[in-house]
Amino acid sequence: MAEEQKEPAAENERDIRVVMLGPRGVGKTSLLATMYATFKGSEAARRGFSIEPLDDDQYKILKEKHEDLRRLEEVPEFCPADNMLEASQFPSPYDFAMRFKDNEDQERELRFIDTPGEYTEDLRPDMFDLLADAGVVINVIDASVMMEMPDLSDRYNGHSDVHRLLIKAFSMKPEMNRLVLFVLTKCETYLKAGRTQEMRDTFDRLHRQAIQVIETNEHLVGRTIAVETTGCLSFSRYYQRDDGEWCFSFTKTGMKFLPRAVDVPLFYAGRFALAELRRGRFILHRWWREIFGWDKELRTVCEEETENGAGEYVLMRMGNASLLD
Ligand SMILES: Nc1nc2c(ncn2[C@@H]2O[C@H](COP(=O)(O)OP(=O)(O)OP(=O)(O)O)[C@@H](O)[C@H]2O)c(=O)[nH]1
Ligand SMILES: [Mg+2]
């Protein structure tokens with residue numbers, strides 16, 4: 001695979017950019033892949049949102065990732081670090097969009113840009129630029145590392161790097177409204193054991209500086225969401241490999257591969273996009289919407305899926321809540 005950098009497709013002024021943020025192996029691409037697959041067949045997709053990759057190659061990557069995750073159902077023990085090398089060989093941003101299909105004129109897209117973990121780990125200038133223009137940021141955090149080895153969490157989850165990136169990138173466009181979603185992956189074990197509160201508290205302690213960025217800025221709203229991208233694995237043990245890296249291994253639980261709550265971040269992004277559009281600069285658009293109420297159904301779906309539907313998976317709410325309504 002060529003290591004060349006591919007530019008994301010041109011974005012239109014009314015698109016909202018969604019950037020995936022987090023070091024190698026935390027589960028960014030897995031989240032995108034399961035989010036896409038789950039959403040595509042959902043009731044919501046039939047009721048007003050569509051989501052489609054803008055590029056065949058990227059579609060293939062998402063599909064393969066989803067297949068890889070599904071195959072984990074069959075292995076007795078598995079260590080995510082073993083196939084991380086493969087993941088980080090794709091430096092190109094993924095490019096797929098969620099678009100509202102009700103009305104041609106009012107069409108708006110959520111553009112997802114996946115980033116390789118190195119962008120976060122090395123505080124790459126590209127990452128600051130991508131984030132500065134992001135309406136939505138999805139910061140993925142590996143909950144197993146956080147819970148089992150909190151002392152190593154900064155190294156593998158990049159708590160301080162994320163804080164540095166957010167504070168600087170957001171100050172580049174301070175007036176821009178943004179939604180920041182902290183998404184905890186690899187947390188099946190803790191959800192099933194009823195350790196949600198402990199997970200929440202640990203996250204709050206380790207990621208405090210980044211959380212504070214959201215809490216102290218009226219242009220920002222944030223949520224912490226736990227997702228199960230496989231639903232069929234359980235944390236089993238950690239050990240140090242010959243190269244000094246720590247490996248967290250998972251075993252299958254006997255449950256079926258069944259991602260849960262993976263589309264909650266997508267509905268939050270949709271809800272934020274609709275709210276932004278309603279606040280829009282285009283007075284004519286606002287008038288059009290008020291007369292015809294075309295976005296009412298979409299709003300209802302997004303609100304339901306992020307409030308009642310999301311239930312126990314939403315662990316924290318922070319920042320300026322009015323940005324979502
Ligand atoms: N147990 C468990 N494993 C997961 C979960 N999500 C992802 N993984 C595994 O974690 C590994 C890394 O996931 P990726 O999605 O490739 O991570 P990434 O953040 O995109 O990594 P880079 O592209 O290298 O930055 C993969 O082997 C996945 O199978 C999860 O929810 N539970
Ligand atoms: Mg990836």
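Values in this text are rule-based calculations from the coordinates and carry no lab data. Because the structure is a prediction, the values reported are computed rather than measured. So basically every Cβ, Gly included, is an ideal-geometry build from the backbone, and we count neighbours across all protein chains shown.
General observations
- Candidate lysines - alpha carbon under 30 Å from residue 186, same-chain residues fewer than 8 apart omitted: 6, 28, 40, 60, 63, 65, 168, 252, 256
- Note, ³J(HN,Hα) from phi for the range 227-234, Karplus 6.51, -1.76, 1.60, rounded to Hz, x at Gly and Pro: 10, 10, 7, 10, x, 10, 10, 9
- Cβ charges +1 (Lys, Arg) and -1 (Asp, Glu), total dipole of the range 221-260, debye: 320 debye
- Relative frequency of Cα-Cα separations exceeding 21 Å in the range 108-183, percent: 28 percent
- Annotation: the residues 79, 232, sorted from fewest to most other C-beta atoms within 10 Å of their own C-beta, follow the order 79, 232.
- Highest average packing first - 241-252, 304-315, Cβ atoms within 10 Å: 304-315, 241-252
- Highest mean packing comes first when the peptides 123-131, 266-274 are listed by Cβ atoms within 10 Å, giving 266-274, 123-131.
- Sorted by Cβ density within 10 Å, fewest first, the residues 229, 189, 120: 189, 120, 229
- 3J(HN,Hα) couplings calculated from phi for the range 24-30 with the Karplus curve 6.51 cos²θ - 1.76 cosθ + 1.60 (θ = phi - 60°) are, in sequence order, 4, x, 6, x, 5, 5, 4 Hz; Gly and Pro show x.
- Across the range 190-199, coupling constants 3J(HN,Hα) worked out from phi with the 6.51/-1.76/1.60 Karplus curve, θ = phi - 60°, read 6, 5, 5, 8, x, 9, 4, 5, 5, 5 Hz, and Gly and Pro carry x.
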